[in-house]
Protein chains: 2
Amino acid sequence: MTNNHAPDDTDTTTLTIDEGSVPAPSKRRLESRRRILAAARQLFVERGYHGTRPQDISKAAGVGHGTFYLHFADKLECFLAFAEEASKELEMFGEQHHTHEAQTLKEGVHEILSVIFNYSEENPGVLAAAMTDINVLATEEMDMPMPDQRWAEQWGDNVKEWQAKGEVAADIDPLFAGHVLLGMIRQVGSYGARAETTKEEVLEKLTQAMIRMLTD
Amino acid sequence: MTNNHAPDDTDTTTLTIDEGSVPAPSKRRLESRRRILAAARQLFVERGYHGTRPQDISKAAGVGHGTFYLHFADKLECFLAFAEEASKELEMFGEQHHTHEAQTLKEGVHEILSVIFNYSEENPGVLAAAMTDINVLATEEMDMPMPDQRWAEQWGDNVKEWQAKGEVAADIDPLFAGHVLLGMIRQVGSYGARAETTKEEVLEKLTQAMIRMLTD
DNA sequence: GCTGAATCTGACAATTTGTCAACTCACGAT
DNA sequence: ATCGTGAGTTGACAAATTGTCAGATTCAGC
């Protein structure tokens, strides 16, 4: 398998301008990539990883079959790019929908979860994929931390801040808690998408469960 | 794709004797299947789903390439069988290592987690696969509940019992909590396999986190 | 408009998945 | 012990998919 796609020092996620070292990708190239990723997203969510083929993706994207391989080495890499993209989107979604500075731990947790739930509602199935434990798909070391790991760490940072304010129990390891919280969100997200229950109810219950876990 | 493998009414997991309706599979057939599943397990754990091919599995199993398809329709079905097998193993492992009736909620949780952690130590990577959210691989309805769903429900049953004894907060929805607990275990299992920390430490922290989540 | 680099395309090569006629093996009948 | 038979397996080959790359197309700069 030969790697035909762009040089690895190109930021393969957003293809932003990297002053001086690599020329900016053309609009054309960006557009092709965008279309491929959009098609990939739809198919991964609809059919799952197993049932999605590179040829399906390129066809749905309206590009030549070989074009897929100019952008991604294989299906896995395309999947990882999709997950990364979704992760970034959630971040931006959160920034856009940030309403006010939380006064309490409960408000803080509730607000973050609301963002996640609202994003999920608008993009069914996307977060489930983005938060995938990549280890099941592939076991080799990844070039960068995966979205789920980064989120766990971010939650860990949040816990550390709340702990500094005395809102979270002092004996809790923030990073550990970050992972625990991520696990909760992941599973409840999956369960909530299936169960006969409302988003609001799940949101309240999950907030409650998380608060309990974090406090004495 | 034609389905060449045994009639669907055969229990494809353990191929137990089904009195009267289907003849028992021969030793030879059981042995082939066992070897395929053993090879599949090793490869799925080593390489992940993406990097494992049916031809790799049949080769590692020491059976003909076509034999794979006599037992499983495709890679996904083989993976699901592996996950199911691992799930059953954990159950049996738990039964064999059940030491005593828990006196407190903490002991109960600690004991169940010990079983899970001990099994994981003896079978690295297997539980991660067995507890996979199958939805990422495939989105169609499965014929039976997946291992992760069943575990969540089992934890839900445990929570209900503990609740009846007044050990778990009365306002907690047992099934919801079951899913939350599963999510915690899953993520912490993944984190613990990677982090520079001891099994005992992770076990203690997770027990603590779970108790907090379940109590006032 | 011309040019050349960037990018794409799809035919074809390479590889993998899936099929099935031929073969093997285990078991029961004689 | 031998033989017949059906279950189960095999691997050559068909079908499908992944991956490659020479030729084609596009587009920005002059």
Considering every pair of different Cα atoms, what Kirkwood radius, in Å, is found for the protein assembly as shown? 23.4
In a GNM of chain B with a 10 Å cut-off on Cα contacts, which of B:LEU70, B:LEU206, B:LEU182 has the highest mean-square fluctuation? B:LEU70
Cα pairs beyond 16 Å in the range A:112-154, in percent, come to 44
If you fit an axis through the alpha-carbon atoms of helix B:75-96 and take the longest principal axis of the Cα set of chain B, what angle between them do you get, 0 to 90°, nearest 10? 50
The size of the Cβ-based charge dipole (Lys, Arg +1; Asp, Glu -1) of the range A:86-214 about the Cα centre, to the nearest 20 debye, is 340
Within chain A, what's the longest run with no GluC sites (Glu not before Pro) in a DSSP loop and at most 13 other beta-carbon atoms within 10 Å? Give the range, please. A:20-100
With x for Gly and Pro, the residue-by-residue ³J(HN,Hα) of the range B:210-215, computed from phi through the Karplus equation 6.51 cos²θ - 1.76 cosθ + 1.60 at θ = phi - 60° and given in whole Hz, is 5, 4, 4, 5, 8, 10
Over all residues in B:207-213, what is the mean tally of Cβ atoms on other chains that come within 10 Å of each residue's Cβ? 6
Label distances, nm, B:GLU204 versus same residue in remaining copies, Cβ-directed 7 Å point: 3.8
Radius of gyration and Dmax for the range A:86-214's Cα atoms, expressed in Å? 14.6, 42
Give me a single rounded figure for A:188-194: the average over its residues of other chain Cβ atoms within 10 Å of their Cβ. 5
Ascending list, in nanometres, of distances separating the A:ALA170 label from those of the other copies (7 Å, Cα toward Cβ): 3.3
Looks like chain A, by Cα gyration tensor root eigenvalues a ≥ b ≥ c and the a/c under 1.5 rounded cutoff (else prolate when a/b is bigger than b/c, oblate otherwise), is prolate
0 to 90° range, to nearest 10: angle between helix B:147-164 axis and chain B longest Cα axis: 30
Going by C-beta contacts inside 10 Å, put B:THR197, B:THR67 in order with the fewest on the left. B:THR197, B:THR67
Treating only the Cβ atoms of Lys and Arg (+1) and Asp and Glu (-1) as charged, compute the dipole magnitude of the protein assembly as shown about its Cα centre; round to the nearest 20 debye. 1560
Against the 2.2 N^0.38 Å rule of thumb, the C-alpha Rg of the range A:29-107 sits at a ratio of 1.40
What list do you get for B:TYR69, B:TYR191 if you sort them by fewest beta carbons within 10 Å? B:TYR69, B:TYR191
Can you compute the charge dipole magnitude of the range B:64-135 about its Cα centre, using +1 on each Lys and Arg Cβ and -1 on each Asp and Glu Cβ, nothing else charged? Give it in debye, rounded to the nearest 20. 160
Please compute the Kirkwood hydrodynamic radius of the range A:177-216 from all pairs of different C-alpha atoms, in Å with one decimal. 10.5
Inter-copy distances for A:GLU140, label 7 Å out on the Cα-Cβ vector, sorted ascending, nm, one decimal, are 3.1
Listed residues B:PHE72, B:ILE57, B:VAL115: farthest to the positive end of the dipole of the range B:53-155 (Cβ charges): B:ILE57
If I fit a long axis through the Cα atoms of helix B:27-47 and take the longest principal axis of the Cα atoms of chain B, what angle between them do I get, 0 to 90°, rounded to 10? 60
Rounded to whole Å, give me the distance from the Cα center of the range B:148-169 to that of the range B:31-96. 31
Fewest first, what order do A:ARG53, A:ARG41 take by the number of other Cβ atoms within 10 Å? A:ARG53, A:ARG41
Please compute the Kirkwood hydrodynamic radius of the range B:74-137 from all pairs of different C-alpha atoms, in Å with one decimal. 12.9
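No value in this document is a laboratory result; all are computed from the given coordinates. What you see is a predicted model, and the numbers here were worked out from it, not measured in a lab. Because the Cβ atoms are built from the backbone with ideal geometry, glycine has one as well, and the counts that use them run over all protein chains shown.
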